[in-house]
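So the structure is just underneath, and the comments pick up after that.
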Amino acid sequence: MACMIGARCPSGMNVGARVGTAACLSPREGTAIIGDAKGETVAVHQIRSVVRPATLEEAWERRRSEPGASRFLAGGIDLVLYVPPAVSTLIDLSPLGIEAVRQEGADVVIGAMATLTDVLGSPLVGEVAGGFLCDVLRRVASPLQRNVATLGGAAVRAHPWSDVIPALLVLGARLDVFDGRHSTVELSDARARSESPSPLVLAVRLPGASRDGRGAFEKFARTGFDVGVLNCACFAIIEPGLCRTARVAVGGTPSVAQRLPRVEETLVGKTLSASQIALAAQAAADVVDVRDDRRATAEYRRVLTAVGVRRCLENIAGLGTEVKE
Amino acid sequence: MRIHLTVNGAERMWDVAPGDTLLDVLRREGFVGVKKGCGTGDCGACTVLLNGRAVNACLVLAVKAEGHTVVTIEGVAQGGRLHPVQEAFLEAGAVQCGYCTPGMVLSAVSLLSHNPDPSEAEIREAISGNLCRCTGYVKQIAAIERAAARMRESQ
Amino acid sequence: MKKRESRAFAVVGKSERKVDGLGLVTGRPMFVADVDLSDALVIKVLGSPHAHARITSIDTADAERMPGVACVLTHKNTPATRHTTAGQGFPEPSPYDTRMFDTKVRFVGDRVAAVAAETEEMADRALAAIRVEYEELPAVLSIDEARRPGAPIVHDEADATGIYDPSRNVAADVDIDVGDVAVGFAESDLIVETTCETQYAQHTPIETHVVLASLDVDDRLVLRTSTQVPFHVRRIVAQTLGIPIHRIRVIKPRIGGGFGVKQEVLLEDVAGWVTLQTRRPAFFTLSRAEEFTSSRTRHPMRVRVKIGVKKAGLVHAIEMEAVSNTGAYGAHGLTVLANTGSKTLPLYNKAENAHFFGQAVYTNLPVGGAYRGYGATQGYFALETAMDEAAERLGLDPIEFRLRNAIRTGEGSPIFAKLGEGREGVSQTVKSCELERCLEVGAERIGWASLRGKKERRGSWVHGVGMSIMMQGSGIPEVDMGAATLKMNEDGSFNLLVGATDLGTGSDTILAQIAAEVLGVPLAKILVTSSDTDVTPYDVGAYASSTTYVSGMAVQRAAEKVREQILGVAAPMLGVSTERLALRDESVVAEAGSSVTLARVCQRAMYETDQFQIAATASCVPSESPPPFLANFARVAVDTDTGVVKVLHYVAAVDCGVAINPRLAEGQVEGSIVNGIGYALTEEMQFSSRGRVRNPTFFDYKIPGALDIPRIDVVLVDSYEPTGPMGAKSVGEIGINGPIPTMANAIYDAVGVRLRQTPFTPERVLEALRRA
């Protein structure tokens, strides 16, 4: 989020120059100000209209025609907490009927407007990798927020501390998108795209190939209702004894989760033994890009990376004593 | 913008600014039992039920409530009869300053309407987004257990 | 050993439902903001972006011209009266170092200006249009920086009073001793010394500070405010605004928690001033971020404890040195500092030599204020850590070591007389102390014998148990006053008017229970009105754990006076002398069996014969402050991979005399324990290098939620305080002092490292494990 020159920010920082990302304030603090002050006020004063398009085409056309002044409105949580200064129009996605969870061939397709609560309660999602995504979603925020936040919104917004992103990355999730035409893209590709406006996400697609894998998730947080100071997601498809597919993602570093291909390489084709897992965990700690922030130091995040990856893999291999103190 | 919604069983038609949150609007329209504790969805004092699901009213744009059903704390007791959760809260000593109470009660009501026999872990999870600084949660959890038991008995 | 009236209570000792519970559980409009605010101006404050600066110019012309702006306040157009914001009895033992709006700012978030406008949005726009020029000054951001010779001076104004040494940034200084610790240490066989540091923490009441000011039909200023101290608000606002006390009315409706942060006059002067200038109602509340940065905090402290012990296990000398960071203003600076020693050292009264000294130091950081525990919390961290260490080195069980040294019934401590609330204290003898029983019950409940020293391992988790004991007080002797008025209605009910302040603690309820007990009526027949300066008699307010003991005794006395009046009316009705009459079951009952209902008695006095209003007012100024006692036990698990500490089981065995309402008393202890666990493990205000709070949100200042609490067992041990109403002592604060030392000692039992800095974050714990 940006602080503008001449602004007065609610934490009293004297803003003398444009700051790309305001590391000074947690994104929950409220926005910077120009003329229209918006400290922690509940009403988002600058929103002038909320439109309800009847079709995908209409939604996309509206978005395309005012890229700077408009935003798609999913659950709305992130927009209530922060609206970029130029935005005045919200395009509500609820009329578009993209909230269902369905089976499509081998894939489980989760409508972008499905809430996290809907998703974690879905029997179809529960059949993918033993309900891995459901387990992860249960650890996200609070039930109050899960009842409003959408999976599509979480995938697009990709907060640095996001628990959803690492889970989707290791599941090999893809996104059904629309930008005048329908297409399906890899999650990681979608996030790397820079065109503005980015395509409208219609669904999160869990590939059939992930159905029979096993996933595990570790989140290191200060309290139970908290974002993680670090999180890890691992996924593996194990043919008798050997790891055919391995995916490892670490997030909250404090950057948003990324897969660690060098770690994955140490696992593919190997047995998930304790010693192999230890090697992978060490490799993760070596390669992970961690930094200090107000929640934890880089050094500590490195420690947590090793512990998190090890515990995830032990879990998947059935080795770890699932000890909760 | 004009929104139409049902609040505590009664149909309402309200003029709202597009950027108003449900919390703003509810309090402005007199539902002062819905409390503001932080404005950022971190404390749960503003919890209401939206289509039967507990949500932070401070995080929901009022326009998103168009055509939907909202229940606030004022709508939980029916004609002077307390809901078993409210009764249990009073009995168990789960109300101290009372500021988090409306949100806490609604989260519990929502839980029990979807899960009539919750474990202690499930109760804790259901109220995990409702912060309380007075009680330490001990008697609130006990109250919800008691309410659940009573509601199951009377089925 | 138990001295207790063998008397069955009818209402006292019962866990009655709170008298305000129904409205709270149904969301009735009961809080300050729950009224029609459509006509009220909204006040917003411009906070300082600098930790230390002079305001060299401030231009509000543009702001004043903006649509919807009613007035803009700065140092140029508001009263300059220096006062304290601390809600304490007059004369307040805090420096008068605060102006409503000053020409200098002393911390990031300090008041620069304020706007009153028709809407919040208009107020925000106007704030952004105020042009301020600052001359930035070097800031002091720690105790050590502030005390360095030549350090920048936080309070260099000519008209501040009550500051101990402004040139050295010392707001307060305390130094008392008993015997001679140097000799005492020389005579000791074992010396243990430890220094512990506590962090900036905030109370985070779920309702932030809020006030609605308005003029009544007589043009008197009415302040409807979320406060713990309505009478101090009235007096300090009168002082600050320069208007007579009789032109102000302060009403406290229900409030959403306080824990000490509302023992302060923070917003009422500004709101009152706006209303007086504009004749409009004025609504002023703090955002959550402002509640963190610009209200009040716990005083961070560095406490060094040195104890000298004789081989036989007797503490012979104790020295405690406490240095507190009182932030930019000195409210509560002296008294919190003094309390650090006065509520801790008397516990180990066998020590013939004691020395308590320390300072409260100004810094350019958020302001410390009153916070549950009030210095004792910080003091017990160091003291109970030192005691735990000493026990280990002596080869004694920690419980046994405490038993040998703790104060007992019938004993006193010279500290009581030497150390009061910022002045000399009051000598007293403890008349009720069930510590031994507390320790016995607590140890058994936690499973002490089977867990201590075992270091049970489960995966990477290691378990341990720790304990600590403490005392607090019940009000401030010979300083605090509470008063109560009771008047009778002709249906045998009574109105109870008390100045005492219910923060959610349930004081309205327990005070009504006391009255009901004396008058022989059910709780429902006592109708409580509290905390309205026009209607209720004086009370200091809710702090220093005074309400049950002090206000409760005032209620008991008022009820006893009313009882005498009732008996006087009833005696001729029954033809029996008053000595043979008692109040029971809503009637006056004669020994011989005849009776008359209270309703009949009141009808006679109100309408029929020798008419008068049956009513009485009584006060209580206590001559002592009987301590409640607490024994804490905690079982923790430490994850040696990550440093995470989980509390598994917490036991608090409490002696609070007779618990007027056991469930409410338990609730006080449970809530303060969980608050203390947050203070011990996760809560920490963090600062930038320029003194700005980096985490003024619940998102990054983590307080415990329902997922974080351990199994908590609170046991109210049987006890009786002869000087207390119905045998009661107070209990509001003591619980919060337990978690830090208890968990520190439990962590030591588990993994052999002593933590001396809170919070015990995973990083700190892991670092300590690695260094060990």
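Each value in this text was obtained by applying a stated rule to the coordinates, not by laboratory testing. Note that the structure is a prediction, hence the values are computed from the model and not measured. Positions of Cβ are backbone-derived with ideal geometry, glycine not excepted, and every protein chain shown enters the neighbour counts.
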On average, how much area does the Cα convex hull of segment B:2-75 cover when viewed from any direction, in nm²? 4.1
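Need one value for C:34-45: mean number of C-beta atoms belonging to other chains within 10 Å of its residues' C-beta atoms.
On the way: counts 5, 1, 2, 3, 1, 0, 0, 0, 0, 0, 3, 0.
Rounded to a whole number, the mean comes out at 1.
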Of C:Thr240, C:Pro537, C:Gln513, which is farthest towards the positive pole of chain C's charge dipole, taken about the Cα centre with +1 and -1 on the beta-carbons of Lys, Arg and Asp, Glu respectively? C:Gln513
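Please sort C:328-336, C:419-427, C:504-512, C:31-39 by packing, taking for each peptide the average over its residues of neighbouring beta carbons within 10 angstrom, highest first. List each step's numbers first, then the result.
Working: C:328-336: 30.8, C:419-427: 19.6, C:504-512: 27.6, C:31-39: 16.2.
Descending packing order for the listed peptides: C:328-336, C:504-512, C:419-427, C:31-39.
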Using a Gaussian network model on chain B with a 10 Å cutoff between Cα atoms, which of B:Gly80, B:Gly103, B:Gly39 fluctuates the most? B:Gly80
Which lysines have a Cα lying under 19 Å from the Cα of B:Lys139, excluding residues fewer than 8 positions away in the same chain? C:Lys14, C:Lys18
Measuring from a point 7 Å past the Cα of C:Val426 along Cα-to-C-beta, which residues in segment C:544-565 have an amide N at less than 18 Å? C:544-558
At a Förster distance of 30 Å, what's the computed FRET efficiency of C:Asp39 paired with C:Gln603, Cβ-Cβ distance as r, to 0.05? 0.10
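Find the eigenvalues of the gyration tensor of the Cα atoms of chain B, then list the square roots of 5 times those eigenvalues as equivalent ellipsoid semi-axes, largest first, in whole angstrom.
Numbers: eigenvalues 140, 55, 34 Å².
Three semi-axes, in Å: 26, 17, 13.
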Please compute, for peptide C:384-391, the average count of beta-carbon atoms on other protein chains lying within 10 Å of each residue's beta-carbon. 0
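Taking the Cα centre as origin and putting +1 on Lys and Arg beta-carbons and -1 on Asp and Glu beta-carbons, what dipole magnitude results for segment C:258-392, to the nearest 20 debye? Can you show the working numbers first?
On the way: 14 positive and 12 negative charges, 37 e Å.
Once rounded to the nearest 20, the dipole reads 180 debye.
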1/(1 + (r/R0)^6) with r = Cβ-Cβ of A:Ser275 and A:Glu186, R0 = 41 Å, i.e. FRET efficiency to nearest 0.05, evaluates to 0.80
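Viscosity 1.002 mPa s, temperature 20 °C: give me the Stokes-Einstein translational D for segment C:479-615 in µm²/s, with Rh taken as the Kirkwood radius over C-alpha pairs. Mind dumping the intermediate values first?
Working: Rh = 15.1 Å.
The Stokes-Einstein estimate is 142 µm²/s.
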Trypsin sites (Lys or Arg not before Pro) within segment A:174-259: DSSP coil, no more than 13 neighbouring Cβ in 10 Å: A:Arg181, A:Arg193
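When the dipole is taken about the Cα centre of segment B:2-75, and only Lys, Arg (+1) and Asp, Glu (-1) are charged at their Cβ, what size is it in debye, to the nearest 20? Don't skip to the end; give the middle numbers.
On the way: 8 positive and 8 negative charges, 20 e Å.
With only Lys, Arg, Asp and Glu charged at Cβ, the dipole is about 100 debye.
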So, with points 7 Å from each Cα along the Cβ direction, the A:Glu66-B:His68 label distance in nm works out to 2.3
Under the Kirkwood approximation for Rh and a Cα-based Rg, what ratio Rg/Rh is obtained for segment A:197-325? 0.99
Charge dipole of chain C about the Cα centre (unit charges at C-beta), most positive-ward option of C:Val596, C:Pro622, C:Tyr720: C:Tyr720
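What is the Å³ per residue value for the convex hull set by the Cα atoms of segment B:84-153? If you can, show how the numbers build up before the last one.
Details: hull volume 4.8 nm³, N = 70.
Hull volume over Cα atoms, normalised by residue count, gives 69 Å³.
Sorted by packing (mean other beta-carbon atoms within 10 Å per residue), highest first, where do B:142-155, B:122-135 land?
Working: B:142-155: 16.6, B:122-135: 25.4.
Descending packing order for the listed peptides: B:122-135, B:142-155.
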Inter-site label distance for A:Arg244 and C:Asp59 at 7 Å from Cα along Cβ, in nm: 7.4
About its Cα centre, what dipole magnitude does segment A:49-96 give when the only charges are +1 on Lys and Arg Cβ and -1 on Asp and Glu Cβ, stated in debye to the nearest 20? 60
Packing rank of C:398-409, B:63-74, C:761-772, where each peptide gets the mean count of other beta carbons within 10 Å, highest leading: B:63-74, C:398-409, C:761-772
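Which loop-located GluC sites (Glu not before Pro) does segment C:33-129 contain, where loop means any DSSP state but H, G, I, E or B and the Cβ has at most 11 other Cβ atoms within 10 Å?
On the way: sites: C:Glu64, C:Glu118, C:Glu120, C:Glu121; in loops: C:Glu118.
Listed in order of number, the matching sites amount to none.
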For peptide A:217-229, compute the average count of partner chain beta-carbon atoms within 10 Å of each residue's beta-carbon. 6
Principal axis box of segment A:49-96, alpha-carbon based, largest edge first, Å: 27, 21, 13
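I need the Kirkwood Rh of the protein assembly as shown: take the reciprocal of the average 1/r across all distinct C-alpha pairs and report it in angstrom. Don't skip to the answer; put the middle values down first.
Working: mean 1/r = 0.0314 Å⁻¹.
The Cα-based Kirkwood calculation yields 31.9 Å.
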Using a ≥ b ≥ c from the Cα gyration tensor of segment A:83-147 (square roots of the eigenvalues), is it rounded, prolate or oblate, where a/c under 1.5 gives rounded and otherwise the larger of a/b and b/c decides, a/b for prolate? oblate
Using a Förster distance of 51 Å, the FRET efficiency for C:Thr529-C:Ile153 (Cβ separation, nearest 0.05): 0.60
Shape verdict for segment A:101-210, please, from the Cα gyration tensor: rounded (a/c under 1.5), prolate (a/b greater than b/c) or oblate. oblate
Dipole check, segment A:101-210, charges on Cβ (K,R +1; D,E -1), about Cα centroid: among A:Val148, A:Val136, A:Ala209 the Cα furthest to the positive pole belongs to A:Val148
What percent of all Cα-Cα pairs in chain C falls in each 20 Å bin, counting up from 0? 17, 48, 30, 6, 0
So for the pair A:Glu127, C:Ala10, with labels modelled 7 Å out along Cα→Cβ, what separation do we get in nm? 6.9
